[in-house]
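One structure is given below, encoded as structure tokens.
The values are calculated or read from the model by the stated rules, or taken from the named source; none is laboratory data. Because the structure is a prediction, the values reported are computed rather than measured. Using ideal geometry, Cβ is built from the backbone for each residue, glycine included, and neighbour counts are taken over all protein chains shown. Side chains included, ligands, DNA and RNA excluded: accessible areas come from the protein's heavy atoms. Shrake-Rupley method; radii C 1.70, N 1.55, O 1.52, S 1.80 Å.
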Amino acid sequence: MIETKNYKTITKDDFEIVYQNIQKKIEKILSNALIKRKPQTLYEPGAYILSSPGKRLRPLLVLMSVKAVGGSYSDAYNAAASVEMLHNFTLVHDDIMDNADIRRGLPTVHKKYDVSTAILVGDSLLSVAYEYLLKDLKVNIKDTVATFNHGVVEVCEGQSLDKEFEVRNSVSVDEYIVMITKKTAAMAEMCCKIGAQIGNGSLEEIKALSSYGRNIGIAFQIQDDLLDVIADEKDFGKSIGGDLVEGKKTFLFIKALEKAQGKDKQALLKVVKNKGIDPKEIELYKDLYNKLGIIKIAEEEIKKYSKKAMKALNILKNPEDKEMFEILTD
């Protein structure tokens, strides 16, 4: 932690207080966003997904970025809520495509209601997201909407690549990074960029915060891949080894296939051929990852992108803002 006589050092407790206050404000906006709209058959399921427990990290990125360029949190609460609506639009449609039963510990929208309703809910959330974004746009209006649009396009392209990878026998690490840059990192980048634009940041500040969002988004996804293998199941919130069971081509799996030889390679190719593994085999593949050094490789990759993210923020004028991002990155 950096300390100088010119400003108060930000602690993790300080960060948590800010984060919790932001979460409360975002939850209030989300809970009121659809409550008076009709028909109820559309907006009740929409309210259901918006009320499900989430970390609300994307709104946090928007608001931290606004403040980092000299703006105020109060300038962008609606815009921050809009990116959470956009995020939930992607989740509803992703769950349909993946035929997922559970999301955040609750039945998915298409399981609780039906597929047709879920499709409409996703579409309506995207539309309402634009409404809420526009509430906070007073400067850089055209550029901010263009940034939001670009984020939507990138997420859809990333999801398309992800589905394409499911039926391909081989995917390179470079191709995987392109996919997660679109599917996951583009959203984080968009959050930071619209925050900087709403706060009327300089072109240099907007570029720096965009770079932070993109790199931290890539690190986040690789971390998620890693946690699927090494996390404590209670902390992770879902079954460990699920990516292996589903035969997903994660960063870890692609790297393992790249490094493996002989029987180890055959074991990994079997996952591709069978489109997944039996849950009883999870420990065997975890051991294989450890044997090939994949856990350490993934950890180093996460550090690499996290460092790139923080390096981009060297231009920030207020060291307190930089420390907030540093704590979030950690």
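Summary of values
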quantity	calculated
Those aspartates and glutamates that a straight Cα-Cα span of less than 18 Å connects to K25, excepting residues fewer than 8 apart in one chain	D14, E16, D75, E84, E131, D136
Global form of the stretch 29-147, assessed from the alpha-carbon gyration tensor, a/c cut-off 1.5	prolate
Long-range HN-HN contacts of I102 with modeled amide H, under 5 Å	T108
Flagged links, alpha-carbon separation over 18 Å, of K112/K182; K183/K286; K249/K286; K138/K182	K112/K182; K183/K286; K138/K182
I35 accessible area, 1.4 Å probe, all protein chains in place, Å² to nearest 10	120
Relative packing of peptides 310-321, 211-222, 165-176, 43-54 - highest average C-beta neighbours within 10 Å first	211-222, 43-54, 310-321, 165-176
Residue order for C191, C156 - accessible surface, 1.4 angstrom probe, largest first	C156, C191
GNM result for the chain, Cα springs below 10 Å: residue of L288, L252, L244 fluctuating most strongly	L288
Helix-only [θ]222 nm of the chain, DSSP H runs n ≥ 4, -39500 (n - 2.57) each, per residue, nearest 500	-23500 deg cm²/dmol
Lys, Arg +1 and Asp, Glu -1 on Cβ, resulting dipole of the stretch 239-280 about Cα centre, debye, nearest 20	140
Pairs from K111/K163; K163/K207; K38/K248 whose Cα-Cα separation, in the structure shown, is over 32 Å	K38/K248
Shape of the stretch 80-171, Cα gyration tensor, a/c cut at 1.5	oblate
Anisotropy class of the chain from Cα gyration tensor, a/c 1.5 cut	oblate
